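As structure tokens, the structure follows; a few thoughts come after it.
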Amino acid sequence: MTARGLLRLYPRAWRERYGEEFLESVGDAPVSPLTALDIVAGAIDAWWSKDVRQSTAGAAVSAGGSMTVIEQIRRYSCARQEISKRDALIGAAIIVGGSFAGLALERLFIALGWPELGNAVPDVAFPAAFLVGTNAMWLNRYSWRVRLVLSAIPTAILIAASIIGRLT
């Protein structure tokens with residue numbers, strides 16, 4: 001996958017304003033998976049961020065002197081991310097705690113008379129906890145919007161698929 005192909009994920013106004021500079025910064029050669037993640041994260045922010053929409057319509061730097069979108073990409077793209085001990089412990093606690101919470105939910109749903117729903121919970125307890133826990137470890141440098149799209153939405157889809165699979 002190339003940066004030019006990933007550039008299509010951005011809104012048209014953003015591509016028209018920053019597209020060439022973006023390709024000069026990132027290059028048009030195939031990108032690594034981490035760089036692709038950075039580019040996808042930037043696209044998510046570009047679609048949702050009011051600041052990005054305003055910067056494509058007006059001045060590149062805000063009155064507060066903040067970085068332009070391209071400067072942000074240069075700063076974060078391809079940056080080696082170190083996981084702090086704190087983030088690793090938080091992620092591990094979420095994974096373990098989420099797994100146990102899933103087991104508690106299973107018992108609760110069965111006790112409430114919803115055995116199908118209760119039996120669906122163990123199927124997704126660990127994978128859902130893993131998705132949310134890795135969010136705390138790996139995605140903490142991204143905005144909440146990016147974290148939502150890359151972790152919470154797949155978790156919700158996983159849970160819904162398991163419930164639908166058990167109910168049918």
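What follows is calculated from the coordinates using simple rules that are stated; it is not laboratory data. Since we're looking at a predicted model, the values are computed, not measured. Methodologically, a virtual Cβ is constructed for each residue, glycine included, from the backbone with ideal geometry; neighbour enumeration extends over all protein chains shown.
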Label-point separation (nm) for GLU21 and TRP47, each offset 7 Å from Cα along Cα-to-Cβ? 2.3
On a full-extension model of 0.36 nm per residue, what is the gain between ARG107 and ALA161, subtracting their alpha-carbon distance, rounded to one decimal in nm? 17.5 nm
Distance (nanometres) between label positions extended 7 Å along Cα→Cβ at SER32 and ALA13: 3.4
Starting with the fewest neighbours, write out ILE110, ILE95 ranked by other beta-carbon atoms found within 10 Å of each beta-carbon. ILE110, ILE95
Got the relative contact order for segment 85-167 handy, in percent, Cα pairs under 8 Å and 6 or more residues apart? 35
In Å, the Kirkwood estimate of hydrodynamic radius for segment 85-167 over Cα pairs equals 13.2
